[in-house]
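Undergrad: Pasting in a structure now, in structure tokens, and then I'll have a few things to ask.
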Amino acid sequence: MKQRLRVHLFAIQGKLASGDDRGQVTAFVVCIFAALWLLAAIVVDGGLALAGKARALDVAQEAARTGAQQIDVAQLRGKGEVRLLYADAARAARTHVAAAGDRANVTVEGDAVTVRVTHVQPTQILSLIGVDAITVRATGSAHAEQATG
């Protein structure tokens, strides 16, 4: 048994000494492919996440402006004061965000409307490993003001 083991080890040592490198290229190719795939995932899905963040910010700002337009017209005409209709402002902002397909948290305080939008951006490459979406958030605010002119 020892003799067979020595012969086998000697044969392996002879192959290694002669430069037999079968299988090493396969490992190299697998590692390079994995690195390139990871780079592509970062570029593509990272770009989609940034685009989703910009979209969420646009929607939040638009919704805040929509909410800030819901003023008490009688108060403005009668006393010259700008006052938001809180329920209408919140409803208008939520409706704008829902029309864009996102979720929102709306706060109306004083003359300000603040909208926090949550946008779910589907992934393209990372979905292959189970990361189906990236969630991004953005906040927009607007104030109701009396125009001078």
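Undergrad: In Å and whole numbers, how far do the C-alpha atoms of the stretch 24-81 stretch along each principal axis, longest first?
TA: Largest first, the stretch 24-81 extends 84, 10, 8 Å along its Cα principal axes.
Undergrad: Let me ask you something else. For the stretch 41-51, take each phi angle, set θ = phi - 60°, evaluate the Karplus expression 6.51 cos²θ - 1.76 cosθ + 1.60, and give the result in whole Hz per residue in order, putting x for glycine and proline.
TA: With coefficients 6.51, -1.76 and 1.60, one gets 5, 5, 5, 5, 6, x, x, 5, 5, 5, 5 Hz.
Undergrad: Compute the acute angle (0 to 90°) between the alpha-carbon long axis of helix 86-99 and the principal axis of greatest extent of the alpha-carbon atoms of the chain; round to the nearest 10°.
TA: It is inclined by approximately 40 degrees.
Undergrad: Let me ask something else. Taking only the C-alpha atoms, wrap a convex hull around the stretch 15-124 and report its volume per residue in Å³ as a whole number. Intermediate results must be reported in sequence, preceding the final value.
TA: Values: hull volume 11.4 nm³, N = 110.
In the stretch 15-124, the Cα convex hull volume per residue is 104 Å³.
Undergrad: Now for a different question. Which residues does the label zone of Val43 cover in the stretch 113-149, counting backbone N under 14 Å from a point 7 Å along Cα→Cβ?
TA: 125
Undergrad: How much accessible area per residue does the stretch 35-76 have, in Å², with a 1.4 Å probe?
TA: Roughly 54 Å² per residue, with all protein chains present.
Undergrad: Right, next: One quarter of the convex hull surface, Cα atoms only: what value does that give for the stretch 64-149 in nm²? Intermediate results must be reported in sequence, preceding the final value.
TA: Details: hull surface 27.4 nm².
That works out to 6.8 nm².
Undergrad: Let me ask something else. In the chain, what percent of the accessible surface is made up of carbon and sulfur (1.4 Å probe, ligands and nucleic acids excluded)? Could you put the intermediate results ahead of the total?
TA: Numbers: 6160 of 10320 Å².
The value for the chain is 60 percent carbon and sulfur by accessible area.
Undergrad: Okay, which of the stretch 39-75 sit inside 15 Å, backbone N to the point 7 Å along the Cα-Cβ direction of Arg137?
TA: Under 15 Å, as judged by backbone N against the label point of Arg137, lie 53, 56-57, 60 of the stretch 39-75.
Undergrad: Would any residue of the stretch 60-78 have its amide N under 17 Å from a label point 7 Å out along Cα→Cβ of Ala147? List them or say none.
TA: 65-74, 76-77
Undergrad: Separate question: With every protein chain left in place, what is the accessible area per residue of the stretch 89-149 in square angstrom, probe 1.4 Å?
TA: In whole numbers, the stretch 89-149 has 59 Å² accessible per residue.
The values are calculated or read from the model by the stated rules, or taken from the named source; none is laboratory data. Since the model is a prediction, treat every value here as computed from it, not as a measurement. Virtual Cβ from ideal backbone geometry, glycine too; neighbours counted across all protein chains shown. Heads up: the accessible areas ignore ligands, DNA and RNA and are worked out on the full protein's heavy atoms, side chains in. Shrake-Rupley method; radii C 1.70, N 1.55, O 1.52, S 1.80 Å.
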